[in-house]
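Below you'll find the structure, written out as structure tokens, and then a few comments.
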Amino acid sequence: MAGNGFGQVFRFTTFGESHGPAIGCVIDGVPPRIGLSESDIQPWLDRRRPGQSRFTTQRREGDVVKILSGVFEGRTTGTSIGLLIENTDQRSKDYDEIAERFRPGHADYAYWRKYGVRDHRGGGRSSARETAMRVAAGAVARRVLDSVVGGRGVSIRGAMVQMGPHGVDRAKWDWEAVLDNPLFCPDPEAAERWAEALDAIRKQGDSIGAVVEVVAEGVPPGLGDPVYDKLDADLAKALMSINAVKGVEIGDGMDVASLTGSQAADEMRMSGGQPTFLSNHAGGILGGISTGQPVVVRLAVKPTSSILVPRRTVDIHGNDVEVVTKGRHDPCVGIRAVPVAEAMVAVTLADHLLRHRAQCG
């Protein structure tokens with residue numbers, strides 16, 4: 001399995017399984033002399049950590065990160081940065097009944113057909129547990145962005161903008177509200193309605209999908225290449241690589257199909273001696289290259305496949321059976337996808353920033 005890493009210059013590789021002794025990652029390409037400690041990484045992991053509300057899995061993992069290498073006296077050395085998080089709350093017995101049964105909507109069958117073997121304990125490598133290391137890598141990427149860009153740096157913020165069929169009122173958008181509710185919802189009134197709906201879904205033993213939006217502000221113009229390594233193409237790959245993500249759009253995304261050319265074009269005028277865009281339908285990227293406008297991406301997260309509702313399936317012996325997934329699972333995995341999506345945007349921007357600096361100075 002070669003696809004354990006992401007990025008070209010800023011590149012990170014993760015390892016570990018959901019119910020193994022630990023998960024970790026190795027990050028290469030970080031410039032030297034950047035201040036970095038566990039305290040720069042831990043707050044981001046705490047936002048993703050399970051068991052913080054009734055709306056997420058009750059698995060109790062502290063997600064305490066340890067820096068194993070690449071940092072000396074509080075600064076990066078330019079060598080590989082090794083990060084480790086120990087798993088402390090595995091309940092592998094919860095999965096004994098599905099050891100030979102394929103959970104519909106899960107990776108079980110595909111893994112079994114590809115490798116001939118699968119780790120049924122929480123999904124093994126396919127578990128969302130792996131995303132903790134993406135968040136850790138994203139925290140390091142944020143330090144790189146702050147160091148290289150300087151000034152106000154790059155702000156990367158995410159929010160859940162839709163849960164099932166229920167969307168937010170963008171007129172009531174409040175970034176501060178995202179920090180004040182467990183659903184990462186920018187509309188306080190919608191958050192209350194979502195909480196009631198999610199309680200009902202959870203009691204039914206079912207799950208529901210979501211849409212997450214990430215906005216990166218302060219992104220310098222010029223990041224990305226115009227052909228195969230477009231910034232938006234790499235962002236799409238980064239976000240599609242997150243567990244349960246089934247769709248990604250940049251800017252107006254799918255809605256541009258309903259617009260005319262005159263409506264979709266982001267017109268420009270001079271302001272303060274600088275070209276200024278009058279709209280941002282393109283989501284801050286034109287021709288695969290950042291324009292300096294906010295980079296806006298959205299991702300659709302499917303409902304959690306591990307649910308208590310009986311579903312028809314087959315087993316490894318070719319028998320028709322039913323399956324119920326016990327254990328501790330997220331009724332809406334889109335909630336904890338927010339900090340993961342932020343992290344994947346951060347690592348993509350850091351990678352392209354270092355690539356741009358190498359080529360263009």
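The values are calculated or read from the model by the stated rules, or taken from the named source; none is laboratory data. Worth saying up front: this structure is predicted, and the values here are computed from it rather than measured. When we count neighbours, we look across all protein chains shown, and the Cβ atoms used for this are built from the backbone with ideal geometry, even at glycine. The accessibility values were calculated without ligands, DNA or RNA, using every heavy atom of the protein model including side chains. Shrake-Rupley method; radii C 1.70, N 1.55, O 1.52, S 1.80 Å.
Residues that are under 25 Å from Ala346 (Cβ atoms): which strands (runs of 3 or more DSSP E) entirely in segment 247-313 hold 1 or more of them?
Those strands (runs of 3 or more DSSP E) span 274-277, 295-301.
In segment 91-200, which helices (runs of 4 or more DSSP H) lie fully inside it and hold 1 or more residues that are within 27 Å of Ser290 (Cβ to Cβ) and in contact with a Gly (Cβ under 9 Å, 6 or more places away or on another chain)?
Counting at least 1 such residues, we get 131-149, 175-178.
Which residues, taken from segment 25-59, are open to solvent by 20 Å² or more (accessible area, probe 1.4 Å) and modelled with pLDDT under 90?
Residues satisfying the conditions are Arg49, Gln52, Ser53, Arg54, Gln58, Arg59.
Give Asp330, Asp266, Asp255 a once-over and let me know the one that is of a type in the set (D, E, K, R), open to solvent by less than 50 Å² (accessible area, probe 1.4 Å) and in contact with a His (Cβ under 9 Å, 6 or more places away or on another chain).
From the options Asp330, Asp266, Asp255, the qualifying one is Asp266.
Gly62 versus (1) under 16 Å from Ala128 (Cβ atoms); (2) open to solvent by less than 60 Å² (accessible area, probe 1.4 Å); (3) modelled with pLDDT under 85: which is the lone unmet condition?
Gly62 satisfies every listed condition except (1).
May I ask you to verify whether Ala159 is under 28 Å from Glu86 (Cβ atoms), crowded, with 21+ Cβ neighbours inside 10 Å and not charged (D, E, K, R)?
No: the conditions fail for Ala159.
Which pairs do you get when a residue that is in contact (Cβ under 8 Å) with a residue 24 or more places away in the chain, found in segment 151-164, comes within reach of a residue that is in a loop (DSSP other than H, G, I, E, B) and surrounded by fewer than 20 Cβ atoms within 10 Å (Cβ to Cβ), reach meaning Cβ atoms under 7 angstrom, with the pair 6+ apart or on two chains?
Arg152/Gly218; Gly153/Gly218; Val154/Gly218; Ser155/Gly218; Gly164/Gly209
Determine, yes or no, whether Ala244 is closer than 17 Å to Pro339 by Cα, in contact with a helix residue (DSSP H, G or I) (Cβ under 9 Å, 6 or more places away or on another chain) and not β-branched (Val, Ile, Thr). Give the steps one after another, and end with the answer.
Numbers: closer than 17 Å to Pro339 by Cα: yes; in contact with a helix residue (DSSP H, G or I) (Cβ under 9 Å, 6 or more places away or on another chain): yes; not β-branched (Val, Ile, Thr): yes.
Yes.
Given the residues Gly123, Gly218, Gly167, which is the only one that is small (Gly, Ala, Ser), on the phi > 0 side of the Ramachandran plot and surrounded by fewer than 19 Cβ atoms within 10 Å (Cβ to Cβ)?
Going through Gly123, Gly218, Gly167 in turn, just one is small (Gly, Ala, Ser), on the phi > 0 side of the Ramachandran plot and surrounded by fewer than 19 Cβ atoms within 10 Å (Cβ to Cβ): Gly218.
So, of the residues in segment 182-193 that are of a type outside the set (A, V, I, L, M), out of contact with any Phe, Trp or Tyr (no Cβ under 9 Å at 6 or more places or on another chain) and under 20 Å from Val301 (Cβ atoms), which turns out to be surrounded by the most Cβ atoms within 10 Å (Cβ to Cβ)? Don't jump to the end; show me each part of the working.
Just the residues of segment 182-193 that are of a type outside the set (A, V, I, L, M), to begin with: 182, 184-189, 192-193.
Within this subset, residues satisfying the condition of being out of contact with any Phe, Trp or Tyr (no Cβ under 9 Å at 6 or more places or on another chain) are 184, 188-189, 192-193.
Right, trim to under 20 Å from Val301 (Cβ atoms) and you get 184, 193.
On the way: Phe184: 25, Arg193: 13.
Checking each candidate, the answer is Phe184.
Which residue, of Thr304, Thr325, is closer than 30 Å to Val135 by Cβ, touching a Leu at 6+ places or on another chain (Cβ under 9 Å), at pLDDT below 90 and polar (S, T, N, Q)?
Criteria check complete, one pass: Thr325.
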